[in-house]
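Values in this text are rule-based calculations from the coordinates and carry no lab data. These numbers come from a predicted model, not from an experiment. Using ideal geometry, Cβ is built from the backbone for each residue, glycine included, and neighbour counts are taken over all protein chains shown.
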Amino acid sequence: MALQASGVTLISLFHQRRPLVVRAVASDSVSTITGEREKVKLGGSDLRVTRLGIGAWAWGDTTYWNDFQWDDRKLKAAKEAFNSSIDGGINFFDTAEVYGAGITGAVNSETLIGSFIKQRQRTGEVDVAIATKFAALPWRFGRGSVISALKASLSRLGLSSVDLYQLHWPGIWGNEGYIDGLGDAVEMGLVKAVGVSNYSEKRLREAHKRLMARGIPLASNQVNYSLIYRIPEENGVKAACDDLGVTLIAYSPIAQGILTGKYTPENPPTGPRGRIYTKEFLTKLQPLLSTIKEIGQKYGKTSTQLALNWLICQENVVPIPGAKNAEQATEFVGALGWKLKDHEVEELRALASKTRSVIGFPVEKL
């Protein structure tokens, strides 16, 4: 998940676990997968994660989420979301050094995850794969800045190494040094895999080539991707990921809650999201939302689960919806273990194409 633009305003620039058996609702129109929770490799790396992860952008944030406040109740809810995810078999958590930090929140998201892991470990080993990100701030130069930032992240997380380390967005002054820093992190044993975020097709191919020259695979590119934001399909990023063997990690996979059906023209989201998902936009979206709900009811699935499964059906995609509480985390688990039929996937794409894409993160076009 990345930082988000609202209009022209940019928000926050600057173990052993018992195998989980998945039993999806039976239906003549849906493929059902039964067995242990499936894990997939991220790109050409050796890192394996669940087919769906959890985004921790909202944890500790008071700029974009949580109604601009953070308190003990929200802290408890975030902890319960973490534990419910683990209990449901989801082991992949994505955060960043700028989530909930400094001007963006009350407490760093990395610090929260580190404390959640430590508390969970008191009851036994914990199967988790943690991803975090380097902020390519204008005053950070060269490969050394990547390693310094990574070590600070590891300190907040309370870990000796992180599973996936990503460049949060392209650097203004160039990316070669940052890419070299990722390679250094791998060779120093500080990370298991490396990726990028918000990278265009051209930048993605350049990063992949530079790392491969050192024998290091580029594991992932994390971009905004959902049923109503299919820009990665249109700008060559999805095709490039497939071609290079780079996993596409989809942030905002349910369009920041819009695809859940919770919001209507009469009940739009509050805060910065309300300036993106306006009454007019939600009015035009109603035919799609109604169809999502109708298909979901046929399968015994919620609109949220259907929207996430649509992304999983694109293959080589790992969605990371944000979970604020245990209820949301538990619902996300229901997106796994089954697949929509091909004709349903295309029906939803065709219907969604009648609605314009929302505003994305500006650096996607760099």
Exercise. State the antiparallel share, in %, of DSSP beta bridges confined to the chain, rounding to the nearest 5.
Key: 25
Self-check item: Cβ-placed point charges (K, R +1; D, E -1), dipole of the chain about Cα centre in debye, nearest 20
Solution: 260
Quiz item: If we restrict to alpha carbons, what Rg and Dmax does segment 240-283 come to, in Å?
Solution: 14.6, 44
Exercise. Would you work out which of I113, L137, F68 lies farthest towards the positive end of the dipole of segment 42-159, given +1 charges on the beta-carbon of Lys and Arg and -1 on that of Asp and Glu, about the Cα centre?
Key: L137
Quiz prompt | At R0 = 30 Å, FRET efficiency that the Cβ-Cβ distance of T283 and K202 yields, to 0.05 | solution = 0.25
Practice problem: Would you mind checking which residues have amide H under 5 Å from F92's amide H? H placed 1.01 Å from N; only 5 or more apart, or other chain. | Solution: T50, I54, A129
Quiz prompt | Diffusion coefficient, µm² s⁻¹, Stokes-Einstein with Kirkwood Rh over alpha-carbon pairs of the chain at 4 °C and 1.567 mPa s | solution = 63
Self-check item: Within-13-Å neighbourhood charge of T132 [Cβ basis; K, R +1; D, E -1]
Solution: 0
Quiz item: How big is the shadow of the Cα convex hull of segment 198-292, averaged over all directions, in nm²?
Solution: 7.0
Quiz item: With a Cα-only, solvent-free Debye model of segment 128-225, what are the log10 I(q)/I(0) values at q = 0.21, 0.22, 0.23 Å⁻¹?
Solution: -1.03, -1.13, -1.24
Quiz item: How big is the Cα convex hull of segment 280-366 in projection, averaged over all directions, in nm²?
Solution: 7.1
Quiz item: Fully extended, how many nm does the chain gain between S290 and L75 (0.36 nm per residue separation, minus their Cα-Cα distance)?
Solution: 74.0 nm
Self-check item: Nearby lysines by direct alpha-carbon distance to K293 (threshold 19 angstrom, same-chain neighbours under 8 apart not counted)
Solution: K262, K284, K301, K339, K341, K354
Quiz item: For segment 215-226, in order, what is each residue's ³J(HN,Hα) by Karplus, 6.51 cos²θ - 1.76 cosθ + 1.60 with θ = phi - 60°, in whole Hz (x at glycine and Pro)?
Solution: x, 10, x, 8, 7, 7, 10, 9, 9, 5, 7, 7
Quiz item: Got a sec? Charge dipole of segment 314-354, +1 on Cβ for Lys and Arg, -1 for Asp and Glu; which of G337, N325, L351 is way out at the positive end?
Solution: N325
Quiz item: Got a sec? Which residues in segment 64-101 would a label at R122 touch, if it sits 7 Å along Cα→Cβ and we count backbone N under 17 Å?
Solution: 75-84
Exercise. Would you mind getting the Kirkwood hydrodynamic radius of segment 43-131 from its Cα pairs, rounded to one decimal in Å?
Key: 13.5
